Structure formats: C-alpha cells, structure tokens
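Peer 1: Supplied in structure tokens, the structure appears directly below.
Bear in mind that the values in this text are calculations on the coordinates, not laboratory data. In this text, all values refer to a predicted model and were calculated from it rather than measured experimentally. Please note: Cβ atoms are built from the backbone with ideal geometry, for glycine as well, and neighbour counts cover all protein chains shown.
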Amino acid sequence: MKAKHLRNRWLGLLPLGLILFLSGCGQLEMTVLDPKGPVAESQYDLIVYSLWFMLGIIVVVFVLFAYMIIKYRENRPGRKESDYDPNLHGNTAIEVVWTVIPFIIVILLSIPTVTTLFDLEKPPEPGAGEEAKDPLVVYATSADWKWFFSYPEQDIETVNYLHIPTDRPIEFRLTSADSMSALWIPALGGQKYNMAGMMTKLYLQADEAGTYDGRNSNFNGEGFAEQTFKVHAESEEDFQTWVEETQNEAPQLTAERYDELLQPGITDKEAFSNTHLEYVQHHTKEDAGYVVERYREQFKDQLHLYEIDKQESFQ
Amino acid sequence: MAAEELKTGPLEYRTQEGQMGIMGFWIFLGAEVVLFSTLFATYAVLFGRTADAPLPSELFEPGIVLVMTFLLLTSSFTCGLAIHEMRRGSVKGLTIWMAITLALGLGFLGFEIFEFVHYAHEGATIQSSAFWSSFFILAGTHGLHVTLGIGWAILLLIQIKQRGLTNVTSRKFFIISLYWHFLDVIWIFIFTSVYLIGMVI
Amino acid sequence: MHITDILVTGEPIIYGAMVSMALVGIALLFLLTYFKKWGWLWREWLTTVDHKKIGVMYILSALLMLFRGGVDAMMMRVQLAFPDLGFLNSQHYNEIFTTHGTIMIIFMAMPFLIGLMNIIVPLQIGARDFAFPYLNALSFWSFFFGMALFNISFVIGGSPEAGWTSYTPLSGAAMSPGPGQNFYLMGLQLSGIGTLATGINLMVTILKMRAPGMKLFHMPIFTWSTLVTCFIIVFAFPILTVALALLTIDRIFGAQFFTLTGEGLPMMWANLFWMWGHPEVYIVILPAFGIFSEIIATFAKKRLFGYHAMVWSMIIIALLSFLVWVHHFFTMGAGAFVNSVFSISTMLIAVPTGVKIFNWLATLYKSKIEFTVPMLWSLAFIPSFILGGVTGVMLGMAAADYQFHNSYFLIAHFHYVLIAGTVFACFAGLVFWYPKMFGHKMNERLGKWAFWLFFFGFHVCFFPQYFLGLDGMPRRLFITNVVEWLPLNVISTVGAFGMGLGFIVFVYNVYYSFRYSERETTGDSWNGNGRTLEWATTTPVPYYNFATVPYVDEIDPYVRMKEEGKTTYEESKVKPIHMPSYTGQPFIMMAFLGLASFGLVFEWMYVAVFGLLGGIIMMIRRSFDYDDGYYVPVDEIKRTEKKARGL
C-alpha cells in the first residue's frame, strides 16, 4: 500500500514537468529561441542541437531510475529471491560502456561549439546569393547606468537607443567608462563584456526589421535595472535617412556635456551630431580612470530606486 | 594516540603526534606554495603597469639584493647545521646555530626595510601603480613570513632552554627549519623572477 | 562618528530585524542565566575540542544560516512576484542577493558539510579524534566569528551589495564606498582561514589515523570524498586568501590591484575569484556525492557499485575543477581558442559525473530499496541533479553560453546542482546520522512531509527559471518590469514558499523528535543496516569513540563484524586512552582576531591593532602550552561501555 502510494507520487512528477514545460513553451516567443539574425540563429542552432542530446540523457536516466525504484523496492509484491544480490559490486564491461558513451557525447558537442566559437569572432557570412557588406562600426560605451553608441563613420552618437541597418553585420566595439557591464540583445545574439581600459569586439546582425530590447546584463550597481535600450533595426535606406536627420538636426556633443552625462545616474535618450571619441578613449589605460577620478563623490549618493519603466514586450 | 613511542629514529618522528605534526606542516607548506604562486602570478600579470611611477629597472640595484640573497641563503645553511646539531643531541649547538640563523634573518629584514624606504623616497609606493602594489605585496609577504619566523624561533629558543630536547621541542625545531628553508626557496624565485628580470627589462 | 552613521537606519524591514534580533538575544541571555547554564555553555561547548561537539556546533550554525539565507531568498521572490508592491528598492535588493549568495555558499553549505565530516569521518575510520583537536576548535571559532561579522553587517554599517562574486571595479573603494564591502572581505577572510586549517587537519587525520589494516581503498566513500575535498581546499583556498587580501589592501590602504586608476586590472579579480570559486563548487558537491553513496548503499542493502570507479571519478573531478575557471566568464573576450579549450575541459567533467550517476543507478539494481527519509532525499537527488547537470553542459558550450550567461538560465542551473546536490545531501546526511549525534531518530512522518514540500517547492521554484532565462531575463534584476516574465516569476515564488514550508517542518521535526522520538538503544540505528564503522559505536557515542579499535581490511567492515558477532569493545584489549584537554584558548584567540577584523571593516586602526595583538599573545601562549591531554583509565572505559551496551 505504502509503496504504491510512493510510486504514484513519483509518476506525479511527469505531468508536473510537462505542464511547466508547456507553459514555458506556450509563450513560444521566448527571445533566445526566436532568433532575428544570423548570430542568434547560429547560437539557437547550437542550443537546439545540444538540447536533443540532453533530452536523450534525461530520458535514459529517468527510465533507468524509474525501473530501479519500482522493480527493486523492498516490499514489492512478488519479489523473487533472484532480485537481490547484495554483493554485486562491479561489471567492467558495462562500466566501460557508460564511460565511453558520455565521452563520445562530449566530442559530438565540442565540434559544433568550437566551430561556432571561431565563426562568432568574424562578421556573419552573407546569405546565399548576397554579396558581403562591410560591417557597420558602432562603439558601444557603457557608463553607470547608460549606454553611448558612437558611429565614427557617420560621426553621430546616441544615448540609450540604437539604430542599425538590417542585413548588414554590425561590429560593436565594447568598452566601459567605469564598471564592468555586458551588451546583450538576446534577439540578435549573445553578449560580451564592456570593460574600462579594454576593448572587446562583438558582431551582431539583424535580418528582420523591428524593435528589439537590449540591455546591460552584468550587474553593476544600483541603477543596473535601468541600463536598457531599444534597438531599431530598419532597412538600409531608412537607416541612412535617420543618419542624415541626426547629422543635421542633433546638437553638438561638447566635452562639458559629455562629462555631465558621464556622472553616475540615469539619463534619457539623446542624440548628437558628433562623437565623444574625440574627447576620451575609455578603452585606453590612460583614460580607464576618467570617470572614477572625476566623480568619486557621486558614487556615494544613492538613487533610491523603487520602480522603473515597464518595458514593452520582448519581441 | 601518544601511547606508543618508537625507540629509534629522530626524536621528532618517534611519536605519532610528532609524525602528524610534521605531515600537517608539509601540507601547510603546499598551501603556502599556492599562496605565493598566486602572488607571483599577479606580479607577472601586472608587470609593466607602472603608470606614472618609476620603472623597476630605474630602482632595482644588484648590490643590495645580492647581499640580501647571500644573507638568506647562508641562514638556510646555518639552519640546516642547527638541525644537524639537534640530531646529534646537542642543545648548545642547536641554540648557537639557530641564533646565527636569526641574526642573518634580521640582517636580511633590515636590508629589505631599507630598500622599501628607499623606493618610497623615489616615488614608488604601494599606492603608486598596479605594478608597485604587486611588487610590495609579493616581497612584503615574504618579508612578513621572515619576521614571523624570527619571532617564532625566539619563542622556541626560550622553550629549549626551559625544557631541553624532547620529542616535542625537537619537532618544533624541525618544523621551523622546514619553514625557514621554504622561505629561502621562495626568495630564490623572487630574486630571479622579480629582481633579475626587473633589472633587465 | 555618530551612532546613526554606524547603524543602518531608515528601513522598516531592518528595524524589524533589529528588534527581533535584540529580543532573541535577550531571551537567550535570560534563559542561560535563569537555568544557570553559563558554566555549562563554557565548559561543554565553548571550550570543547571534541570533534563530535564541534560538528554539532557547525551544523547548528549552518541551519541558522540556512534560515537567514532562506529569508533573503523569500524577500527576493516576493519582490519579483509583486513588482508593484514597492517592497524592496534596488539597493536593498542588491544587498539581499549579495548576502543570500555569500551566506548560502560560505556560511551554510560548507560548514554544514564540514560539520558532518567532523562528526562522521573519525568514526568511519576508527579514530578517536582529529589529528589536531585544538586546531579543529580554532577552525570552528574562526568560521563562527567570520560568520558573525558578516551577519552583523545588515544592522551595523550596511551590507555588501556587489554580488557574492564581488566583481571589481564595482566592489572597489571608488564605486562601493563604506564598510559594506569590507564586511564581505573580512568575514570571508576570517572564516577562510578556518576552512584551510580544517582541510589540513582532516587530510592528516585520514592519512595517519585510520584503523589498523584499513588501506586507502578500504575507506568508506564519504571519507574518500572528504579526503579529495580537503585536497581541493588546500590548493584552492590560498587563492581566495590572496584575492581577498589584495582587494582589502586596495580598499583600505589605497593599493591599485583592481582599480581603474594606476593601471590596475579589474578583470584579474574575476580570474582569481573563480580560480578559487570553481574548485569551491566541487568542495560543496563532492562530500554530497559521498553522503548519497553511503545512504544509497545502506538503504539498498547492497554494496556500492563500482567503488573504485567512484573514487577515481572524484579524483578526476577534483583535478579538472582547477582547469575550468574561465567558463565563468566566456564573455570576457578571451578569444575563440581560449574559450574552446575551457569549453571542452568543462564538458569533460560531465564524464566522471555521469559515471557516478550510473554507478548509483547500478547500486539500486538487484537491491532491496527501503524508502526512509534519508533515502528519499538521496533518490530525489538523481533525477533532479541530472536536470542541473545537463544544463551545466549546455552552459559549458561557450558559443551558446553567450546567450545563457548572466541570465536566469544560469540561476536555474546552479540552484539545480547546488540544491539538488548539496542541500539535499545536507538534509539526507543530517537525518541519516542524526541518531549518532543526538541519540534518537528524527520522526519519519514529519520528515517525509518536509521532504515532499521541499522537493516539489524546489522544482516549482527553479524549473520555470530556465525559461525566464531563455526569454532574456537577466540575473540580479530587482524588479520584474517585463509583463511576459511575470507569470513564471509568480510560479517560481510559489515554489520558493513551498521550500520555506518544508524547512519549517524540518525544524519543527527537530523539536518534535527531541520530545517524542524513541531513544536509541543500539548503535546501529537503521534497522541494523549500517555498513561502516560509525554504526559500530554505541549511541550516544562515548567521547573516546572506540574502546578498542577493530582491525579492518575491507570496504564495508561492519557488515562482516555483525556476521561474526564482533563489536568495537573487546574487554581484554582495553588500554588507557589518550585524549586532548578542553581549552578556551581557540575561542579567545578567534574573538580577538574577530575584533581585529571588525576594526578593519570600519578602518579603525587602533581596534584592529589591539585585536591583532591580542591574537598574537594568544598564539604565543599556545606555543608555551605543553598540555599533553590526559588518559582515560581502563576502569572508566569498562564502566562506560557496560552501561552503553547494556552488558
């Protein structure tokens, strides 16, 4: 009686897991599993590829586990004498098998991991029949708790929002003015760290026009939750129009204004018709301490942040 | 535990307590190796990050460092002699050689303090740059170990005066000799990878 | 300095905590005085060097910390499920997740396991105490004062708020001014010294104090896991010691190791931290594996399958654990080649771990499974841990990790391995060895309630978090401001409260069992199914453990001893037993060093120097201390054994 009770509880796990799994999948638009560009796509492919192996492992272990605890429970009715062998303590053949198989799985997982890793260090390959385009260079500089996006070729700079053309690789040059952060636009691909005194490179690309959510994903203090931005992916023509508009209409970014923006705190969206790169190079050793030296006192102030703006849905 | 006592072999190994103490100290030295390796690694990583402070090649001088090396290497040798005397059962020999070891150790410390003060006058302090932080902490941690070793050995010299050679006192001296030799080995690494390389580059 | 500069003010929750702490403190003082227990407390506990009592103190502290860390977790879950409530602000939330992580790893998981090791390992190998009982007491008090120091931060001075990983430059003096971060550094430093000492102590104990005839490959698997863990402790903890010291020197004395000025290198902290931090993960999981192995073999009533493979896989895991630290920051831009190497080394850990899983399953094959509470925890571990393990491999695939990193996918993964692994093992081990410690079992019915509540709560809490991660929710976010994330967060919070309920039932069971459980009369508490030497002692275990130490030359010695009718008491062979004396020195020495650390936290150098001097004087006293312990006379042993064995 007791054992039956137990078995039912164990089996009860199955639907529970399924419900949770389906409620998760029911949303379907889980950002990472709904890639909008080739980088996110390659990572998605890798995740799905690995997921099959993992599901296989889970099924094997769960089945074996269920078999063992059902068949070999002490008070199962109809247990036979041969169901108990207290001195069974090894079997070389089977131990070799279950060492070799995981090893093979690791090899099978390593190969696509390594090839994808090397691919991610280059701009994404153009699709079949398309010609390769030069990547658009964007300096993404993080400061507590805001983002500066500088377009050196276009000579414009935006704060807390980003415009990119579709179907063209974007080469992000990541750095930080103070704390370590990470640029993450899950719909377009994985993240990398922004560090003061360093520069890291991240290639992303959008295939579909749309507005995507981006953020700093690496905790960096009180205003962390506010350090988000929207990515506006649009056709090359729309992008050019936007660039020209910004060049013509946005004000100049003066050194004083830039210093003001660098103070720890939260700021709104802004655009400028030049970049901060002419004043400070945060990725150099010399300028790594630029903000810390100026605003040491301000880091002592607190924001008393109780709520932040509701973001629109991830799409 | 302490009930069984061997009748032969070095005093410090005759009881199980003695054996365990020595083994425990060997493992502790293993941990110390990791500690110093980490400090060497930070030094290597931060090498060249001197910012506005003077370069090591401008400050490091072969003379004083060679004297320090000579003092410490000799002290390791005299420490070995002290243990040799202890094995022969000579409290007097042990005391004398140990005292010489400590004197050499103190000489080393004096030169090191002089050296640090000199660097500070030249504008290289623990606060001046990442490189100098790592230098002072690496060499300073070694110096702190030497200081602690000297204080510890003085306590042991008092104890041997009070109690003579026993399983326990001989174990304590044997362990401090291990410690002292270990510090010597660390210094050889500091001498080569910090001073020699720092003078050249 | 004014008192309001030191005390944390302005937070109703913290006022509440202060008041309740003060009330509990006053109640404790009153009870101790009323029942005249001060002398008892000092003589029996604060001065003890008995490994069993020290182990009990470790476990009690760990349970207290599980409560504190659990309350932190509940507060976070409430905030995330009800973002409109304005329950916590950003800064307060940051403090809470920082203390939650630090406490659960450093002051809960490790001391819990070290407590179990303290009590059980000497009993399993037939030893009468640790190799260095005085040092063992020192270890405990250093942990205890480190823990106390870390915990007072939320009423005095303010809690650290840079995450349990304390990444620089955020945790440096410039961006985290004030004492909060110093509490983290000094609390960990102080307790870390104790952990290192315990590692050395247990290693020597296991290597030199085994029963006659017991070779390394005759040792019980939990003892093996302890030995391997100690190896990791000895080689990993000095790295933490250095890292913490360097950051402390940065913060207090203005050095430039991790600063943005003076050409410091903040990312070096991440490297140092994880060079310790990854082995640390295995410090808390390998003993758990050992505990599960013991329990599964006991209640399967069968020898452990693949003993040698189990041992070797632990050794390989220990070695690999030092070669994977970069996987905690694949996204730092080290390049494809470095990431590939660390990706593969990370995935390789799955092989020995998989071998262990299959060995446990094979142990169940042709067994007679009895579903006791410890066995339920151990069985539940297998499927739950697999879910954490496979996602760990997914995280190990660096290219995919760029998407998982810093997200709730990662949070779900490490809670799946640390709770299903370590926490389940702590509960399992505590219930399993409870009769050895306290002379009675825990109530099985309440134990099952606690188990099922905690088990379901755990899965409901953390399974949805995988999907939150895949939907782009980052970790350490103080508010759920994306509507799509809310439903899963609510489910998760419901699960968290299930776990909390399970914990309450567990604690109530401690009280209930103390009142109503049948007292043990035999040492072999689990229906005579004990396989290893700890079950061969009487209950309660006499302070000298074994009247006579048996000769051991096989893996499960007690099975044969029972067949042959032997015990650990052969009257003709009883000799006087040498035991160490109790001493208050470790407590006093660590109290001084705790004071020194407290001084450093607030940068009050006089206090620090005073505490340090006190500590040094205590060390000098120790050096002149030639107390060699005492001998337990044969008569007393015979009397004790006759009474315990009912002869």
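Peer 1: If you place +1 on the Cβ of every Lys and Arg, -1 on the Cβ of every Asp and Glu, and leave all else neutral, what size is the dipole of segment A:136-300 about its Cα centre, to the nearest 20 Debye?
Peer 2: Result for segment A:136-300 is approximately 800 debye, rounded to the nearest 20.
Peer 1: Moving on. Pop a pseudo-label 7 angstrom from the Cα along the beta-carbon direction at both residue B:188 and residue A:245 and give the gap in nm to one decimal.
Peer 2: 7.3 nm
Peer 1: Straight-line reach from residue C:575: which lysines have a Cα under 25 Å away, not including same-chain ones fewer than 8 places off?
Peer 2: Straight-line reach from residue C:575, under 25 Å: B:7, C:52, C:53, C:208, C:215, C:436, C:562, C:566, C:638, C:642, C:643.
Peer 1: What does the average come to when, for each residue of peptide B:24-35, you count the partner chain Cβ atoms lying within 10 Å of its Cβ?
Peer 2: 6
Peer 1: Just counting partner chain Cβ atoms within 10 Å, what average do the residues of peptide A:182-191 show around their Cβ?
Peer 2: Partner-chain Cβ atoms within 10 Å, mean over residues of A:182-191: 5.
Peer 1: Evaluate the distance, in nm, between pseudo-label points positioned 7 Å from the Cα of residue C:544 and of residue C:28 along their respective Cα→Cβ axes.
Peer 2: 3.5 nm
Peer 1: Nearest 500 deg cm²/dmol is fine: what mean residue ellipticity at 222 nm does chain C get from its DSSP H runs of n ≥ 4 alone, each adding -39,500 (n - 2.57), divided by its residue count?
Peer 2: -22000 deg cm²/dmol
Peer 1: Specify, per residue and in Å³, the volume enclosed by the convex hull of the alpha carbon atoms belonging to segment A:136-300.
Peer 2: Expressed per residue, the convex hull around the Cα atoms of segment A:136-300 is 94 Å³.
Peer 1: While we're here: Just the C-alpha atoms of segment B:61-200: what Rg/Rh do they give, with Rh taken as the Kirkwood radius?
Peer 2: 1.05
Peer 1: Tally Lys/Arg at +1 and Asp/Glu at -1 over every other residue whose Cβ is under 14 Å from the Cβ of residue C:404; what's the total?
Peer 2: Surrounding charge for residue C:404 is 0.
Peer 1: Also, quick follow-up: Which length gain, in nm to one decimal place, applies between residue C:613 and residue C:84 when the Cα-Cα distance is subtracted from 0.36 nm times their residue separation?
Peer 2: Full extension of this stretch gives 185.3 nm more.
Peer 1: If I model chain A as equal point scatterers sitting on the Cα atoms and use the Debye formula, what is log10 I(q)/I(0) at q = 0.08, 0.13 Å⁻¹?
Peer 2: These q points yield log10 I(q)/I(0) values of -0.53, -0.99.
Peer 1: Note down the magnitude of the dipole of chain A about its Cα centre, charges +1 on Lys and Arg C-beta and -1 on Asp and Glu C-beta and zero elsewhere, to the nearest 20 debye.
Peer 2: Approximately 2880 debye in magnitude.
Peer 1: Hey, if you put +1 on the Cβ of every Lys and Arg and -1 on every Asp and Glu Cβ in segment A:131-201, which of A:136, A:163, A:193 ends up farthest toward the positive end of that dipole?
Peer 2: In segment A:131-201, that residue is A:193.
Peer 1: If you don't mind, another one. Just to verify a number: FRET efficiency for residue A:201 and residue C:46, C-beta to C-beta distance, R0 = 45 Å, to 0.05?
Peer 2: Computed FRET efficiency for residue A:201 and residue C:46: 0.20.
Peer 1: Please enumerate, by chain and number, the lysines with C-alpha under 20 Å from the C-alpha of residue C:366, excluding those fewer than 8 residues away in the same chain.
Peer 2: Cα-Cα hits under 20 Å: A:4, A:71, A:80, C:301, C:302, C:356.
Peer 1: Taking the Cβ-Cβ separation of residue A:286 and residue C:315 as r and a Förster radius of 51 Å, what is the calculated FRET efficiency to the nearest 0.05?
Peer 2: The pair residue A:286/residue C:315 has a calculated efficiency of 0.60.
Peer 1: For a Förster distance of 30 Å, can you work out the FRET efficiency between the beta-carbons of residue C:36 and residue C:507, rounded to the nearest 0.05?
Peer 2: Efficiency, from the Cβ-Cβ distance: 0.65.
Peer 1: Could you point to the residue in C:360, C:382, C:67 farthest towards the positive end of the protein assembly as shown's charge dipole, with +1 and -1 charges on the Cβ of Lys/Arg and Asp/Glu respectively?
Peer 2: Working it through, the farthest residue towards the positive pole turns out to be C:360.
Peer 1: Place a point 7 Å from Cα of residue B:117 in the direction of its Cβ. Which residues in segment B:128-153 have their backbone N less than 18 Å from it?
Peer 2: B:140, B:143-144, B:147
Peer 1: Fully extended, how many nm does the chain gain between residue C:370 and residue C:551 (0.36 nm per residue separation, minus their Cα-Cα distance)?
Peer 2: 62.2 nm
Peer 1: While we're here: Report, ordered by chain and residue number, the aspartates and glutamates lying within cross-link reach of residue A:285, taken as a straight Cα distance under 17 Å and ignoring same-chain residues fewer than 8 apart.
Peer 2: Within the straight-line cut-off, residue A:285 pairs with A:178, A:293, B:52, C:263.
Peer 1: What is the gain in length, in nm to one decimal, between residue C:627 and residue C:64 on full extension, counting 0.36 nm per residue of separation less the C-alpha to C-alpha distance?
Peer 2: 199.2 nm
Peer 1: Also, I was wondering about something else. With angles folded into 0 to 90 degrees, how steeply does helix B:167-189 sit against the dominant principal axis of chain B? Use alpha carbons for both and round to 10.
Peer 2: So the helix axis and the longest Cα principal axis differ by about 20 degrees.
Peer 1: Treating only the Cβ atoms of Lys and Arg (+1) and Asp and Glu (-1) as charged, compute the dipole magnitude of the protein assembly as shown about its Cα centre; round to the nearest 20 debye.
Peer 2: 7520 debye
Peer 1: Per residue of A:276-288, how many C-beta atoms from partner chains lie within 10 Å of its own C-beta, taken as a mean?
Peer 2: 2
Peer 1: Same structure again: Given the options C:292, C:610, C:23, identify the residue whose Cα lies farthest towards the positive end of the charge dipole of chain C (+1 on Cβ of Lys, Arg; -1 on Cβ of Asp, Glu).
Peer 2: Positive-most Cα among the choices belongs to C:292.
Peer 1: Can you pull the semi-axes for chain C, root of five times each eigenvalue of the Cα gyration tensor, sorted largest first, whole Å?
Peer 2: Each semi-axis is √(5λ); the values are 39, 30, 25 Å.
Peer 1: Further question: Rounded, prolate or oblate: which fits segment C:508-647, taking a ≥ b ≥ c as square roots of the Cα gyration tensor eigenvalues, rounded meaning a/c under 1.5, else prolate when a/b beats b/c?
Peer 2: prolate
Peer 1: Residue A:171's amide H: which non-local residues (gap 5+, or another chain) put their own amide H closer than 5 Å, with H modeled 1.01 Å from N in plane and none for Pro or chain starts?
Peer 2: Under 5 Å from the amide H of residue A:171: A:136, A:137, A:138.
Peer 1: With a/c under 1.5 counting as rounded, go ahead and sort the protein assembly as shown into rounded, prolate or oblate using the C-alpha gyration tensor (a ≥ b ≥ c being the square roots of the eigenvalues; past the cut-off, prolate if a/b is larger than b/c, else oblate).
Peer 2: Judged from the Cα gyration tensor, the protein assembly as shown comes out oblate (a/c at least 1.5, b/c at or above a/b).
Peer 1: Then there's this: Under a point spin-label approximation (7 Å from Cα along Cα-to-Cβ), what is the residue A:208-residue A:59 distance to one decimal in nm?
Peer 2: Between residue A:208 and residue A:59, the simple spin-label model gives 2.9 nm.
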